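These notes are about the structure you will find just below.
The values are calculated or read from the model by the stated rules, or taken from the named source; none is laboratory data. No experiment lies behind these values; they were computed from the predicted model shown. Cβ placement follows ideal geometry from the backbone for every residue including glycine, while neighbour counts extend to all protein chains displayed. Heavy atoms of the whole protein, side chains included, go into the accessibility calculation; ligands, DNA and RNA do not. Shrake-Rupley method; radii C 1.70, N 1.55, O 1.52, S 1.80 Å.
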Amino acid sequence: MAIQAFLPAAVWSGKQFDGQWRPGASIQEVIEPATGKAVGALALAGPEQIARSAAAAAVAQQEWGNAPYEVRARVLRQAAALAETHSGEISEWLVREGGSTRLKAGAELKVATRALHEAAALPSRAVGEVLPSESGRLSLARRRPLGVVGVISPFNFPLYLALRAVAPALALGNAVVLKPDPRTAVCGGLVIARLFELAGLPAGVLHVLPGDGEAGAALTSDPHVRMIQFTGSTSAGRKVGEAAGKHLKKVSLELGGKNSLIILDDADLDLAVANAAWGSYLHQGQICMATGRVLVQRGLYPRFVEKLSEKAKTLKVGDPAREDVALGPLINATQRDHAARIVEAALAAGATLAAGGSYRELFFEATVLADVDRENPAFREEIFGPVAVVVPFDSDEEAVALANDTVYGLAMAIVSSDVGRALKLGERLHTGLLHINDQTVNDEVLNPFGGIGVSGNGTSIGGPANIDEFTQWQWLTLKGQAPAYPL
């Protein structure tokens, strides 16, 4: 990758960001999953660096939290402008390091930039209420910054899923220690550090420290960190939630999903197939909102399986940095082997392989598993690969029962020509996100985003939820003179 103007290797390679770029002791290669080649060197942070940064962030936050609202808003606006100016270079990192297709990289950059613009509006929002009280006493409830927010972000939408927490947390007066996934630490971490450095964020308010599980554990236990925002797998989220709870930290968990797309028998078949393909195969299925089950009413089922299989066979798989493809590589061999194991187990349990099922290196074909029932492993497990799991059903009641038969509760969707019927069915679905006449992968920044069950801990992030998440209430009363209490 050629040196570019925005993030040249001389700035970041082998370094961490704590307000300044400093050399790190532990170095890991930045690997391009499509080729297995190194495209840079990454400095990993350990528990000691996490502790130093958390303490420094707590000091820097005091001045930042008291900065005029326009100062904070201006930094966010400038970061958004920089993201737009350097969109080509940032997208290239999403493609090369993250395995994104160019379509997905462009969409991610667009929504990440929108998150910065929306966060820029937060500092000027009203953040309190005047409460009823006795005469001569002013009673206020106001929102105050938490202090230091720890953000642990994933590899799949690395730029957006980090920025959707980092940007509002900073805008509302917090300092942030970001630990991006080391597999995508440039596009999901160092790019963000550079954006805010060039935007004029005061040194020490943002720290970007890629690291492993030990670094994450240090972040959840550090006494200077008041909140953890974690996006990732349910298994890792349980550990983060347990550790944060032990240390009495506020915690926001955005976790996995086994999301159902319900295709009713009155749906337009071609539109239904298009929605199922997008929800199942976008970014190789490596999305928490990916369509994990396609529930198809019996009348449409045979033709749907046939058309979806035909569609899957046309989707080209390859290196998105070098050719125009629909699917890029999976992030690593561990994820590939996980998807392959579930496909193999599904077939052993009676599923039909209607398309795909094979892989070369990290390139996994768009796959269709048909005739899947409730007892099949593919019905239960989150695959995080390009596998459409197609399940037949007879009645609306059965569709509801199948969709709700999961411990997850992130996103669901219904495709039907009868909106009233779809809404009635949707009222009975246990999910944090519900889409009528769309597929399951949706996020528009303005919406509160969160799941139920093991898809989250009941919190939401985004839109109107951001002020609730990244601030805390303070009750303030004011009297002209202290009372003479009769004790």
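The range 1-73 and the range 88-149 have Cα centres lying 20 Å from one another. Under a 1.4 Å probe, what is the accessible area of the chain per residue, stated in Å²? Accessible surface, normalised per residue, equals 40 Å².
Dipole magnitude for the range 67-169: about 200 debye, using +1 per Lys or Arg Cβ and -1 per Asp or Glu Cβ, origin at the Cα centre.
The accessible-area ordering, largest first, of the residues Ser460, Ser26 stands as Ser26, Ser460, per a 1.4 angstrom probe. Charging the Cβ of each Asp and Glu at -1 and of each Lys and Arg at +1, and nothing else, the dipole of the chain about its Cα centre rounds to 1480 debye. Given a 1.4 Å probe and the protein chains all in place, what does the accessible area of His338 round to, in Å² to the nearest 10? My reading of the accessible area for His338 is about 50 Å².
In percent, how large is the relative contact order of the chain, given Cα pairs closer than 8 Å and 6 or more residues apart?
On the way: 1133 pairs, mean separation 81.5, N = 487.
Relative contact order comes out at 17 percent.
Taking other residues whose beta carbon is less than 12 angstrom from the beta carbon of Trp21, and scoring Lys, Arg as +1 and Asp, Glu as -1, yields +1. For the chain, what does the helix formula give at 222 nm: sum of -39500 (n - 2.57) over DSSP H segments with n ≥ 4, over the residue count, nearest 500 deg cm²/dmol? Per the formula, -12000 deg cm²/dmol.
Lys and Arg at +1, Asp and Glu at -1: add these up for the other residues within a Cβ distance under 14 Å of Arg114 and post the number. Can you show the working numbers first?
Working: positive: Arg77, Lys110, Arg164; negative: Glu84, Glu108, Glu118, Asp443, Glu444.
Once positives and negatives cancel, what remains is -2.
Converting the Cα gyration tensor eigenvalues of the range 95-208 into ellipsoid dimensions via √(5λ) gives semi-axes, longest first, of 34, 15, 12 Å. If you take the alpha carbon atoms of the range 19-89 and fit the smallest convex hull around them, that volume is 128 Å³ per residue. Considering only Pro180, Val368, His224, the residue lying farthest towards the positive end of the dipole of the chain is His224, judged by Cα position with unit charges set on Cβ. Classified by the C-alpha gyration tensor, the range 267-359 has an oblate form. Its axis ratio a/c, with a ≥ b ≥ c, is 1.5 or above, and a/b does not exceed b/c.
Rounded to the nearest angstrom and listed largest first, the equivalent-ellipsoid semi-axes of the range 393-457 from its Cα gyration tensor are 20, 16, 8.
Using only the Cα atoms of the range 177-332, construct the convex hull and provide its projected area averaged over every direction, in square nanometres to one decimal. Intermediate values should be presented prior to the final figure.
Numbers: hull surface 50.6 nm².
Seen from a random direction, the Cα hull of the range 177-332 projects 12.7 nm² on average.
Note on Lys313: lysines with a C-alpha under 27 Å away, same-chain residues under 8 apart excluded, are Lys104, Lys258. Across the options Gly432, Leu282, Val130, the greatest Cα extent toward the positive end of the charge dipole of the chain (unit charges at beta carbon of Lys, Arg, Asp, Glu) belongs to Val130. Relative to the Cα centre, what is the charge dipole magnitude of the range 321-373, using +1 at the beta carbon of each Lys and Arg, -1 at the beta carbon of each Asp and Glu, and rounding to the nearest 20 debye? Its charge dipole is roughly 160 debye.
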